[in-house]
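See below for the structure under consideration.
The values are calculated or read from the model by the stated rules, or taken from the named source; none is laboratory data. Predicted, not measured: the structure shown is a model, and the values here were computed from it. Glycine also receives a Cβ, built like all others from the backbone with ideal geometry; neighbour counts cover every protein chain displayed. Just the protein is used for accessible areas: all its heavy atoms, side chains included, with ligands, DNA and RNA removed. Shrake-Rupley method; radii C 1.70, N 1.55, O 1.52, S 1.80 Å.
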Amino acid sequence: MDIKRNIMKRLNGKVALVTGSSRGIGAVTAIALAENGAKVIVNYNGSKNAADEIVEKIKSSGAEAIALKADVSKEAEVENLFNEAIAAFGKLDILINNAGIMMTKPIAQTSTEDFDQMFNINVKGVFNTLRQAATKLHDGGSIVNLSSTVTRTLFPGYGTYCATKGAVEQFTRIFAKEMGSRGINVNAVAPGPTETELFLDGKSEEGVARLAASSAFGRLGQPEDIANFIVNMVSEDSKWVSGQIIGANGAMA
Ligand code: NAP
């Protein structure tokens, strides 16, 4: 066994971009990647102060990070995001497609505007970053897309959100085949209910408790549960795994 390799931080020398990492799962993922040795780009759209705080937190631990604004649904802003990230750190090895929004409404009550907003951010956002990553991610890199366990539980009210994540899962399976020749693995993680603003927003205490009870561990997921798993997914040890959708949901589904 190579003992030196085990002592070194797993992501030393790697540069990671986490979309939507000003808050929630993305913010904790950015911190976890940095703790494991990566230099991190904290992307945000609306929450500049929160993004700056995450960068400061990472820097205070001795790691490197910068915050870059970009609305992932805008092609030109995403192109700029990749160029600025590479200009700052010289290359990009890891892409975490985390930015996303959720509205829960029966399909009959979902407006065209709701549909467009969710598809623009959750699907076009991923489409935009994957097209940049196709040429700009370093050979041997890793991509993790955020899906959702609702693609398995199929709860009423989640139709349009679930459809966006279905699209993300299919991008994942096909992009993995398109990127394999460059040694890039592409997977998706499908979190179950995870305690963030996106999940808690608009839910009653009773509704939250019911969902917490539906995991085998009888609790909600925490952003750290997802972030730590993402670190494993982008580490060298997971390289042979590609094109997979992996549930991180305490055996919920
Ligand atoms: P969250 O707490 O609401 O955070 C969402 C993040 O996405 C924020 O940092 C936000 O940044 C960013 N964002 C939103 N629109 C953006 C845009 N147009 N461009 C760039 N960034 C944008 O959400 P979360 O719960 O952490 O969710 C993260 C991901 O996990 C999402 O893809 C979500 O669908 C998925 N997920 C979450 C759960 C859950 O239970 N929480 C379960 C399954 C899957 P700004 O505030 O700076 O705009």
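Structural remarks
- Residue in region 75-83 that is surrounded by 18 or more Cβ atoms within 10 Å (Cβ to Cβ), free of Cβ contacts under 8 Å to residues at least 60 places away in the same chain and farther than 16 Å from residue 34 by Cα present: yes
- When residues in region 174-219 are screened for being open to solvent by less than 20 Å² (accessible area, probe 1.4 Å), of a type in the set (Gly, Ala, Ser) and part of a helix (DSSP H, G or I), 3 of them pass.
- Residue list for region 29-39, restricted to those being open to solvent by less than 20 Å² (accessible area, probe 1.4 Å), out of contact with any Leu (no Cβ under 7 Å at 6 or more places or on another chain) and either hydrophobic (A, V, I, L, M, F, W, C) or on the phi > 0 side of the Ramachandran plot (or both): 30, 32, 34
- Residue in region 11-18 that is out of contact with any Gly (no Cβ under 6 Å at 6 or more places or on another chain) and within 14 Å of the ligand (Cβ to nearest atom) present: yes
- Looking across 15, 42, 55, one residue alone is among the aliphatic types (A, V, I, L, M), in contact with a Ser or Thr (Cβ under 7 Å, 6 or more places away or on another chain), closer than 27 Å to residue 238 by Cβ and surrounded by 15 or more Cβ atoms within 10 Å (Cβ to Cβ). It is 42.
- Among the residues listed as 72, 42, 28, the single one being aliphatic (A, V, I, L, M), in a loop (DSSP other than H, G, I, E, B) and within 17 Å of residue 98 (Cα to Cα): 72
- Each residue in region 220-253 was checked for being over 18 Å from residue 34 (Cβ atoms), small (Gly, Ala, Ser), touching a residue at least 40 places away in the same chain (Cβ under 8 Å) and assigned to a loop (DSSP other than H, G, I, E, B), and 4 of them qualify.
- Long-range neighbours under 6 Å by Cβ, at least six apart or interchain, first residue near the ligand (Cβ under 8 Å from one of its atoms) and aliphatic (A, V, I, L, M) within region 183-196, second open to solvent by 10 Å² or more (accessible area, probe 1.4 Å) and assigned to a loop (DSSP other than H, G, I, E, B): 190/148
- Scanning region 114-150 for residues that are within 11 Å of the ligand (Cβ to nearest atom) and open to solvent by 30 Å² or more (accessible area, probe 1.4 Å) turns up 117, 120, 121, 124.
- Residues located in region 45-56, provided they are near the ligand (Cβ under 8 Å from one of its atoms) and in a helix (DSSP H, G or I): 48, 50, 51
- Residues in region 142-180 that are of a type outside the set (A, V, I, L, M, F, W, C), within 17 Å of residue 114 (Cβ to Cβ) and touching a helix residue (DSSP H, G or I) at 6+ places or on another chain (Cβ under 8 Å): 148, 158, 159, 160, 161, 164, 165, 166.
- Test for residue 92: is it in a loop (DSSP other than H, G, I, E, B), at pLDDT 95 or above, open to solvent by less than 70 Å² (accessible area, probe 1.4 Å) and more than 9 Å from the ligand (Cβ to nearest atom): yes
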